[in-house]
Amino acid sequence: MSKMPRVIIAKPGLDGHDRGAKVVARALRDASMEVIYMGLHNLPQQVVECVLQEDADAIGLSILSGAHRSIVPRIYKQLQEKGISNVPMIVGGIIPEEDIPFLLDNGVVAVFTPGANLNDIIAAFRTAVSDKYK
């Protein structure tokens, strides 16, 4: 039997609202994924360090503060600088529709906005790690 996918759930930036991130973390865990929840107020370099230390298969970022246009590219750039190109990022939060293409151009494979279906989020993570867990 293969190991479970390891997923980092992070709240980068100064946003202090983490209920949605906790709900997603629990749903992923209940869907047989190993979840490392980083808690609140993570710096981009802390997220990247956690990916390295935990040998993560995917990253879930919850951003409600509107800082997604600055935080996501910083994390993506730091991942690239560390030679990490095979760890997909999924972003959830208050993301205006017009910002989604920008995020997709900066390493994000899926974006979820408020009210997203948990089954769709789980499916996105499964798809993101499917090359490693067939």
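The values are calculated or read from the model by the stated rules, or taken from the named source; none is laboratory data. Everything quoted here is computed from the prediction, not taken from an experiment. For accessibility, only protein heavy atoms count, side chains too; no ligands or nucleic acids. Shrake-Rupley method; radii C 1.70, N 1.55, O 1.52, S 1.80 Å.
Would you work out if the range 53-134 is rounded, prolate or oblate? Take a ≥ b ≥ c from the square roots of the eigenvalues of the alpha-carbon gyration tensor; rounded if a/c is under 1.5, else prolate when a/b is larger than b/c, oblate otherwise.
The shape class here is oblate.
Restricting to Cα pairs below 8 Å that are 6+ residues apart, what does the relative contact order work out to for the chain? Please round to a whole percent.
Relative contact order here is 26 percent.
Taking the solvent-accessible surface of protein heavy atoms with a 1.4 Å probe, what is the per residue accessible area of the chain in Å²?
Per residue, the chain has 53 Å² of solvent-accessible surface.
Starting from the Cα of Lys3, draw a straight line to each of the aspartates and glutamates and keep only those under 19 Å, dropping any in the same chain fewer than 8 residues away.
Asp30, Glu34, Glu54, Asp55, Asp57, Asp131
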